[in-house]
Every structure is written in C-alpha cells, then in structure tokens.
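A.B. asks: Please see the structure below; I have some questions.
The values are calculated or read from the model by the stated rules, or taken from the named source; none is laboratory data. Everything numeric in this text was worked out from a predicted model, so none of it was measured. Virtual Cβ from ideal backbone geometry, glycine too; neighbours counted across all protein chains shown.
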Amino acid sequence: MGRRIGLLVIMASLHFLMLGATTGTSQPTGEVENILAIKVIPFDSLSTVLPELRSYDTPPEGTTIATVEISNNDPEGFSVSLHSEKRGRLMRHVDGIYPVSPKRGDFIEYLLEIRRGDSGVLGGDMPPVSERTNLNLDSDQTIVFDSGVGESTIKAVLEVQIHTKAKANLFHGQFADVITFIASDI
C-alpha cells in the first residue's frame with residue numbers, strides 16, 4: 001500500500017506540474033537608421049587628359065571628371081540628380097569671372113555619362129544605358145536606381161564621364177563649370 005500511495009503522489013505531482021506549465025514568446029526588435037550618403041570626388045583638371053578643347057575630342061569612352069560614392073538602404077532605391085551651373089557648358093572665365101553675355105567662343109557644350117565603378121555594393125541594377133548616357137545638362141537630369149533592389153547600396157562607385165567635341169573657334173583661357181550631384185530616396 002505504501003508503494004501505491006507513493007506512486008499516486010508522484011502521479012499527482014506530475015499532473016499538477018503539467019497543469020501549471022505555461023508558454024511564452026519573445027519579440028526581439030531592432031532598428032536600422034536610414035542611410036543616404038553621397039560623396040563626390042572631383043578630378044582636378046580636364047587638361048591633364050585632354051590637351052586642348054579647340055583641337056581634340058574627348059576619347060570615345062569619355063574622360064572621367066568625377067567619381068561618386070553612394071550609400072543607400074531604402075528598399076525602393078534612390079535617385080541621383082545632376083545640375084550644371086552653366087547649363088551643360090564649359091564656360092570661359094577670367095579671374096574667376098564668367099562672361100555676362102557669352103559669345104560662341106566663350107563656351108563648349110558637353111554631355112555626361114554615368115558608369116558603374118569597380119568598388120562598393122550596388123544593391124540593385126544600373127539604370128538602362130539610354131537613361132545614363134548623353135546627359136545634356138541644359139536642364140537638370142535625374143537618374144533613378146530603383147530596379148532589382150535586393151540589398152542596400154554600400155559605397156557603390158559611379159564614374160562620371162564627360163564628352164566634348166573639338167571647337168576651333170574658342171577664345172583662349174580657362175573653361176569650367178560646376179556640377180552638383182543630389183541623392184534622394186525614392
């Protein structure tokens with residue numbers, strides 16, 4: 001009888017333990033800040049690659065004038081807008097002053113092209129070639145990087161190429177423009 005009571009007490013204890021069991025959940029959370037960063041690394045002088053704007057076209061592949069490094073973690077992608085201070089023209093300037101009423105010999109028009117550089121992670125696909133070549137900055141241009149986004153873009157390098165055609169009737173002097181790059185979340 002002593003064994004039965006002991007067995008009965010053990011069974012009752014197990015039954016009590018099973019009735020007293022509960023379940024729980026864990027809801028780990030974390031936060032990732034929004035990243036949108038652009039760094040433009042300009043090249044000092046077009047003259048180091050192109051001997052003279054009057055006599056030479058840029059090479060067919062263009063001449064690199066800037067490297068843009070971009071990071072973005074928006075799942076919809078990002079865009080890069082380009083603005084030219086001189087509306088897509090390398091303008092002659094003397095002592096840092098541009099002509100008020102430019103003559104044909106005061107400027108040379110150019111087109112830009114954006115290419116993928118060798119480093120960093122581009123989280124999506126490059127835009128079609130037609131959307132990132134022959135960019136005329138007579139008005140602002142926007143290139144949208146929103147297709148194939150599968151991961152964040154981390155320090156992706158984009159190369160900016162300039163294309164010019166020789167223009168024999170240019171006046172002598174320095175020719176320049178300021179191009180502004182603006183990155184935006186989509």
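A.B. asks: Counting only residues that are more than 27 Å from the chain's Cα centre (by Cα) and of a type in the set (D, E, K, R), which one in the stretch 76-99 is nearest to HIS172 (Cα to Cα)?
C.D. replies: Per the criteria, the residue is ARG92.
A.B. asks: Name the residues in the stretch 135-178 that are under 15 Å from the mean Cα position of the chain (by Cα), among the aliphatic types (A, V, I, L, M) and part of a strand (DSSP E or B), would you?
C.D. replies: Correct list: ILE143, VAL144, ILE154, ALA156, VAL157, LEU158, VAL160.
A.B. asks: Also, quick follow-up: State all residues of the stretch 99-133 that are aromatic (Phe, Trp, Tyr) and surrounded by fewer than 16 Cβ atoms within 10 Å (Cβ to Cβ); if no residue qualifies, say none. Spell out the reasoning first.
C.D. replies: In the first step, residues of the stretch 99-133 are kept if they are aromatic (Phe, Trp, Tyr); the result is 107, 110.
Correct list: empty.
A.B. asks: Could you grab me the full set of residues in the stretch 27-53 that are among the small types (Gly, Ala, Ser) and under 21 Å from SER71 (Cα atoms)?
C.D. replies: First pass over the stretch 27-53, keeping only residues among the small types (Gly, Ala, Ser): 30, 37, 45, 47.
Hits for the stretch 27-53 are GLY30, ALA37.
Yes or no, residue by residue, for (1) modelled with pLDDT under 90; (2) surrounded by 14 or more Cβ atoms within 10 Å (Cβ to Cβ); (3) over 26 Å from SER152 (Cβ atoms):
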| site | (1), (2), (3) |
| --- | --- |
| ALA12 | yes, no, yes |
| THR25 | no, no, yes |
| PRO28 | no, no, no |
| LEU53 | yes, yes, yes |
| GLY62 | no, yes, yes |
| GLU76 | no, no, no |
| SER79 | no, yes, no |
| LEU90 | no, yes, yes |
